[in-house]
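Notes to accompany the following structure.
The values are calculated or read from the model by the stated rules, or taken from the named source; none is laboratory data. Because the structure is predicted, anything quoted here is derived from the model rather than measured. Positions of Cβ are generated from backbone atoms using ideal geometry, with glycine treated the same way; all protein chains shown enter the neighbour counts.
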Amino acid sequence: MNVFLLTAHPEPRSLNGSLSRFIVDHLESQGHQVQVSDLYAMQWKASLDRDDFQPADALDADGHFNPSTASGHALQRGTQPDDIAAEQAKLLWADAVIVLFPLWWYSMPAVMKGWFDRVYAYGFAYGVGEHSDHRWGERFGEGTLAGKRAMLVVTTGGWASHYGPRGINGPIDDLLFPIHHGMLYYPGMSVLPPYVVHRTSKVDDARYALIQAELGQRLNALWHTEPIAYRAQNGGDYEIPALTLRDDVVPDLTGFAAHVTPATSGTVTGT
């Protein structure tokens, strides 16, 4: 299988750096092909701006810069920057995508968010398919990346209890929902439960060995782990074009959890 590892940490000798090398070595030892985008090492340009586009692509009829329109034109005309096109090629090549990052201020590092801003072009990750009163695009279960698997590997300094159902930081499922549902599931990928390493400052040799064993098991199971059971946008649960759940679908439930089929939802994390 082909695996694309996307990672972002400024220190190669960090826990994230070590986990990145472990993931590559473990997958390759199992016969998989791996490509890596280490965004800090690549000095990835994080900001989506008009410098990404040729003048003919960047400006609309009124002379205004519209990032969506510009990215769509560049994709269609084959004028995207080489770095964006290369990352899109990695996504298309991959059977599975692993996204490794430290949880900084309740999200991914800015350089990684910028990767999604630039690589997820209009017509590639969004703006795909028919938009009508019957369908609202190929997304949330459909799209360019449908059929691929994705898994987050996240490190955080907080305790597991800090991210529990009543933890002060909020449940980890809720914090990761915008990434899981809005950045991975949106263009069609099947999203696996994340692997989360808590209390990173307390990782000694013995605990690191345990982390390697647990993560190795998750990597071995990458191809048959049950994905998070997000509801497909065009699967019948949502009113279109309002894109709200039908009144008869979990009528007493709101928020993120309503968009997961309860019977098979859940998170697998590290300790």
Of all residues in segment 19-49 being free of Cβ contacts under 8 Å to residues at least 24 places away in the same chain and outside any loop (DSSP other than H, G, I, E, B), which is farthest from residue 78 (Cα to Cα)? 29
Take residues that are crowded, with 21+ Cβ neighbours inside 10 Å and either among the hydroxyl-bearing types (Ser, Thr, Tyr) or free of Cβ contacts under 8 Å to residues at least 12 places away in the same chain (or both) and tell me which of the helices (runs of 4 or more DSSP H) falling wholly in segment 50-131 contain 1 or more. 67-77
Matching entry among 236, 188 (being closer than 24 Å to residue 149 by Cα, out of contact with any helix residue (DSSP H, G or I) (no Cβ under 6 Å at 6 or more places or on another chain) and free of Cβ contacts under 8 Å to residues at least 40 places away in the same chain): 236
Considering only residues that are of a type in the set (Gly, Ala, Ser), in contact (Cβ under 8 Å) with a residue 40 or more places away in the chain and either under 20 Å from residue 13 (Cβ atoms) or surrounded by fewer than 15 Cβ atoms within 10 Å (Cβ to Cβ) (or both), which ones fall in segment 193-231? 201
Hits in segment 164-197 (condition: among the polar types (S, T, N, Q) and either modelled with pLDDT under 95 or in a loop (DSSP other than H, G, I, E, B) (or both)): 169
For segment 161-177, enumerate the residues that are closer than 25 Å to residue 221 by Cα and in contact (Cβ under 8 Å) with a residue 12 or more places away in the chain. 163, 172, 173, 174, 175, 176, 177
